[in-house]
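Heads up: the structure comes next, in structure tokens.
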Amino acid sequence: MDDTETDTEAVVERYSELARLALAGGAPRDGGESCSGAAPYLDEDDAPEAALRASLGCGNPLAVADLRPGETVLDLGSGGGLDVLLSARRVGPDGTAYGLDASVAMLTLARANAAEAGAGNVRFLHGRIEDVPLPDASVDVVISNCVINLAADKPRVLAEAFRVLRPGGRFGVADLVADPPAGPGRYATAEEYRRDLLAAGFTTAAVTPLDRAAPGPHSATVRAAKPASPPGTVIRPMRAGDAAEVLAVYQAGLDTGGAGFETAAPSWETFDRVKLPGHRHVAADAASGEVLGWIAATPVSDRCVYAGVVEHSVYIHPGHHGRGLASALLRAFIDSTETAGIWTVQSGVFPENTASLRLHANAGFRVVGTREKIGRHHGRWRDVVLLERRSPATGT
């Protein structure tokens, strides 16, 4: 057993002991200054007393999750079940609230609390938050309360949360973050947390520390969203394994004669070298995984003054035009670049490509001007319309 596995087992056993204390009628506390117990739930009139008594969180994720009737919600590290039971009441009889925990004792406690509360739309699952036992795109909202910071592999936890969320799904969490620089140890800084959310595929991400005056790690609210996409598709980060399909879509677009000056797609090595690593998304078929389109960007300059200015390209395979994939990719790209602090996105489009001009106009791009006869393409000089979108949220 390696050190990571040993640490994980120690965490599970510690919380199992607290669960056994609660089952015996005690009021467990984890001994850390970060645990706020039932305090964040004082305004929750419908909070079950037994579950409140066993609360070990550092906040109230339901305050940021915005649950709606009929939704399916998953609580990562559900403990005694408080947030699951409160979620179940919010999503109502047409919704479902799942709780996932690695401690059998905690699951026993949660099920007892659910039975006492008479909750019929809850399901408790045994497993680790690094390996969620639910199918892809099966929940609307992922919540958690002071658990993700305990994970040895936090990026994997966030990738699992992204996987099980449906397109447009939400991530609303209470957790602990460290002041920068975090250094080695359990806690990530708010910036590291946000960066890991973007790397997992979330395109909006906000981490807000709440109690900076307190010593040690700070409680924080964490909000993120998985990009929406047309039915039967998913927008996710581009991976090295997508190389052949990405380049095939690229070449198919170039072959139409309306996508760009190039006549042949570059090698993957060239593509990978010039495209920004943090804002590459693909639209893929949800069932087969086939890449149907992609979006990526290059920096316009290596001068620091232009750090927030990029030029993007979006390509959809000609066989999948008209499905709304380009709009969804562009929306996801705008969200992720704004989250990362990029304030200007620009592109050049042939004036004959009216579909692309409409796409960008609908996404808030303006025409800066036209560069006349700027380059030769298939033996003739062509104009390029310069488009630009200035972020209303970043760089203002």
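Only the coordinates and a few stated rules stand behind these numbers; no lab work does. What you are looking at is a predicted structure, and each value in this text was computed from that prediction instead of being measured. Glycine also receives a Cβ, built like all others from the backbone with ideal geometry; neighbour counts cover every protein chain displayed.
Each part reduced to its alpha carbon centroid, the range 235-297 and the range 365-396 end up 21 Å apart. Between ALA102 and GLY127, the built amide H atoms are under 5 Å apart, and every one of these is 5 or more places off in sequence or on another chain. Only helical runs count toward this figure. For the chain, summing -39,500 (n - 2.57) over DSSP H runs of n ≥ 4 and dividing by all residues gives -9000 deg cm²/dmol at 222 nm. In this structure, ALA199 and CYS304 have a Cβ-Cβ separation that, at R0 = 25 Å, corresponds to a calculated FRET efficiency of about 0.60. One Cα centroid belongs to the range 130-150, the other to the range 313-364; the line between them spans 31 Å.
Compute the Cα gyration tensor for the range 233-390, then decide on rounded, prolate or oblate, letting a ≥ b ≥ c be the square roots of its eigenvalues: rounded whenever a/c is under 1.5, prolate when a/b is larger than b/c in the other cases, and oblate in all that remain. In terms of gyration-tensor shape, rounded. The fewest-to-most ranking of TRP381, TRP343 by surrounding Cβ atoms within 10 Å reads TRP381, TRP343. Using the Karplus relation 6.51 cos²θ - 1.76 cosθ + 1.60 with θ = phi - 60°, the per-residue 3J(HN,Hα) values for the range 146-162 come to 6, 10, 4, 5, 7, 6, 6, 10, 5, x, 5, 4, 5, 5, 5, 4, 4 Hz, with x marking Gly and Pro. Taking a straight line from the alpha carbon of LYS275, these lysines sit under 25 Å away, with near neighbours fewer than eight places off in the same chain left out: LYS226.
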